[in-house]
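Each remark here refers to the structure printed beneath this line.
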Amino acid sequence: MNFQSTSPPDTVFLITAAGSSTRFTGNVKKELISFNGKPLLAWSLCACRESGVIRRVLIVHTPDMEHETREAAAGETDGLEVHFTAGGSTRQESVFLGLEYLAHLELPPSYVLIHDGARPWVSARCIQEVLSTCAEYGGAAPVVPLSDAVKQIDSSSRIAGHCDRNSTFGVQTPQGFVFSGILRAHRLAREQQTSYIDDTEVYGDSGGTVMTIPGEETNRKITYQSDLAFCPSQVPQNASVGHGWDVHRLIPGRPLILGGITIPSDKGEDGHSDGDALLHAVIDGMFGACTLGDIGSHFPPEDSSWKDASSMKLLELAAGKLKDAGAEVLHIDATVVLERPKLRPYIESMRKSIAETLSLPLSAVSVKAKTSEGLPPAGTGDAVEAFAVVSAQFMKGI
Ligand code: MG
């Protein structure tokens, strides 16, 4: 069915945003966090507007978060009639309450598309196809092939069955239905106190047919913070860059520590802490990328607790401060300028210690070493200098 030439049937796009987000760390409601300047929830509203087939939206929110949910949706409601209602303690109950809300509208819809608020990158095409397919068959859902083989596991964690990969798919949302049919199915499920995995099962169990359409790899559900790293390439990451620099005088009788590695040398860094210039530059770059001040403001030299402190400890604390601010490091490129000794044999150990402390892959940490052609202060052997460029990704909550 092509809605481009005819007016689309009256449809409500029902977004569920009433879950607890327990698997999403950071103590935030995931549908409400800002991603690339827009709350996750608002990305689905964008797709509704782009689709041209949705006029009405119902957002089912956590009971005590109506205000925050309304604020998150506010920027993307032009051209849409957006309703809000409180959800329940399970997804099934939230959908049921949403459907009951619609049933009591003066003009209940002909079709409803039920969508997870945590799937921000649904496309306009997917919305159009789900609607046209459910208008034809009664129910429709996007599915994707599974790359891993699917097994049944018994209660003692043993493989008990081997599912046929050709007939097994992952199901996404939105799932579209004739409104009267899904309402009846949910009322029946409620009456019989039956729990279902999703709305296609609720609908199917009451005799409805659900036709599948090809889903999209990009229409991912955000469950864990790390899922945000898989956003489609057309959605720019909210990334930033910071720069760090440090210099320390080299004096006899002190150890030379760079990147947390002690390097045999007749001179080492003079400094309040262990003087690890490389880590100090990296930490300053991290704070710079997140506009969090500098190393001195977080670990002031006049504070005696940092006297002779291990800079690895400072790096660990700095990473915690970034995490608290909703940010994480993506990549580090650092350069150490030192006349002697030669640093080449220690570069890999430095990269490894930094990567491990920041829980980054080794490929995300680059350390380079240079001399300074005899020019002061590093070139004359009087100092060690370090530069770092750090990129970070912001996932700041509202
Ligand atoms: Mg320093």
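Just so you know, all these numbers are worked out from the coordinates, no wet-lab data involved. Quantities reported herein were computed from a predicted structural model and do not represent experimental measurements. Neighbour counts run over all protein chains shown; Cβ positions are idealised from the backbone, glycine included.
Multiplying the residue separation of Asp64 and Ile153 by 0.36 nm and removing their Cα-Cα distance gives an extension gain of 28.2 nm. Using the Cβ-Cβ distance between Leu105 and Asp227 with R0 set to 30 Å, the FRET efficiency works out to roughly 0.35. When you work out D = kT/(6 pi eta Rh) for region 101-185 at 20 °C and 1.002 mPa s, using the Kirkwood radius from C-alpha pairs as Rh and the Stokes-Einstein form, the result is 141 µm²/s. PRE reach from Met211 (point 7 Å along Cα→Cβ): which of region 166-198 fall under 14 Å by backbone N? Zone members listed by number: 176-178. Stretching the chain fully between Arg125 and Thr380 yields a gain of 85.4 nm (0.36 nm per residue, less the alpha carbon separation). Across the alpha-carbon atoms of region 257-339, the computed radius of gyration and Dmax are 13.0, 42 angstrom.
Computed from label points 7 Å out along Cα-Cβ, the spacing between His243 and Glu373 is 2.0 nm. Of the trypsin sites (Lys or Arg not before Pro) found in region 128-231, the ones in coil according to DSSP and having at most 16 other Cβ atoms within 10 Å of their Cβ are Arg158, Lys221. Tell me the mean residue ellipticity at 222 nm calculated for the chain from its helices only (DSSP H runs of n ≥ 4, each -39500 (n - 2.57), averaged over every residue, nearest 500). Per the formula, -8500 deg cm²/dmol. Its Cα centre serving as origin, the chain has a Cβ charge dipole (Lys and Arg +1, Asp and Glu -1) of approximately 560 debye.
All C-alpha pair distances within region 296-388, sorted into 10 Å bins from zero, spread as 15, 37, 36, 12, 0 percent across the bins. Relative contact order of the chain: 15 percent, from C-alpha pairs under 8 Å at least 6 residues apart in sequence. Tell me which of Gly139, Tyr196, His186 sits at the most positive position along the dipole axis of region 97-203, charges placed on C-beta atoms (Lys, Arg +1; Asp, Glu -1). Most positive-ward Cα: Tyr196.
With contacts taken as Cα pairs under 8 Å and at least 6 residues apart, region 128-186 reaches a relative contact order of 42 percent. Across region 266-280, rounded Karplus estimates of 3J(HN,Hα) from the backbone phi angles (6.51 cos²θ - 1.76 cosθ + 1.60, θ = phi - 60°) give 7, 9, x, 6, 7, x, 5, 8, 6, x, 5, 4, 4, 5, 5 Hz, Gly and Pro being marked x.
With Cα atoms defining each centre, region 32-78 and region 250-304 are spaced 45 Å apart in the structure. Residues Ile153, Ile54, Ile182, Ile251, arranged from fewest to most other Cβ atoms within 10 angstrom of their Cβ, appear as Ile153, Ile251, Ile54, Ile182. Computing FRET efficiency as 1/(1 + (r/R0)^6) for Arg49 and Glu302, where r is the C-beta to C-beta distance and R0 is 51 Å, gives about 0.40. Distance distribution P(r), region 143-249, all Cα-Cα pairs, bin width 10 angstrom from 0: 10, 25, 30, 19, 7, 5, 3, 1 percent. Ordering Thr16, Thr194, Thr212 by the number of other Cβ atoms within 10 Å of each residue's own Cβ, fewest first, gives Thr194, Thr212, Thr16.
Between the beta carbons of Ala74 and Thr262, assuming R0 = 41 Å, the FRET efficiency works out to 0.15 to the nearest 0.05. Given 25 °C and 0.890 mPa s, compute D for region 317-371 with the Stokes-Einstein relation, Rh being the Kirkwood radius over Cα pairs; round to the nearest whole µm²/s. Rounded, D is 200 µm²/s.
Straight Cα distances below 17 angstrom link Lys368 to the aspartates and glutamates Asp246, Asp276, Asp333, Glu339, Glu348, Glu385, with same-chain residues fewer than 8 positions distant left out. Tell me the angle of helix 347-357 to the major Cα principal axis of the chain, expressed in degrees between 0 and 90 and rounded to the nearest ten. The two axes meet at around 50 degrees. This model, with +1 at the C-beta of Lys and Arg and -1 at the C-beta of Asp and Glu, gives region 263-394 a dipole about its Cα centre of some 480 debye.
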